[in-house]
Amino acid sequence: MSHGEFDGEAFYASLDSQRQARRITWKQVAKESGVSASTLTRISQGRRPDVDSMAALLAWSGLNGDSFVRRNKRASREPESLAQITVLLRADRNLTPEGIVALEALVKSAYEKLRGD
């Protein structure tokens with residue numbers, strides 16, 4: 001049984017709403033987002049985007065990818081603290097890649113030593 005499923009129809013509808021709000025064509029969406037027009041056509045036909053195309057379209061639109069994941073009730077859970085910290089560290093533009101790795105190692109080590117299980 002699947003724990004979550006991508007809602008491609010909602011994703012495409014949201015992209016279309018964003019496109020309409022900006023009063024641009026799909027060709028312009030392709031150019032601005034860096035995603036090929038053929039990929040946009042495939043998404044409109046119900047096919048799932050590849051991960052890079054989805055990331056580019058989410059960045060272009062400002063939409064949150066989590067909005068398009070439908071979870072069953074048993075799969076609904078909060079992400080682990082370390083996973084959330086990793087996301088924040090990797091999004092910090094003030095850190096170098098080496099700094100991110102060093103901080104992740106430091107936080108993970110401290111967390112393992114100090115957690116109360």
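Just so you know, all these numbers are worked out from the coordinates, no wet-lab data involved. None of these values were measured; they are calculated from a predicted model. Counting neighbours? That spans all protein chains shown, and the Cβs are built from the backbone with ideal geometry, glycine included.
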Given trypsin sites (Lys or Arg not before Pro), DSSP loops and at most 16 other Cβ atoms within 10 Å, the longest exposed-site-free stretch of the chain is 48-76
Please compute, over every Cα-Cα pair in the chain, the percentage with a separation greater than 23 angstrom. 49 percent
At a threshold of 8 angstrom on Cα-Cα distance, excluding pairs fewer than six apart, so keeping six or more, what relative contact order does the chain reach in percent? 30 percent
Using the Cα centre of the chain as the reference point, and only Cβ charges (+1 on K/R, -1 on D/E), how large is the resulting charge dipole? Debye, rounded to the nearest 20. 400 debye
By the gyration tensor of its Cα atoms, with a ≥ b ≥ c the square roots of the eigenvalues, what is the shape of the stretch 75-114: rounded for a/c under 1.5, prolate for a/b over b/c, or oblate? oblate
Using a 10 Å cut-off around each Cβ, can you sort 35, 87, 107 from fewest to most neighbouring Cβ atoms? 87, 107, 35
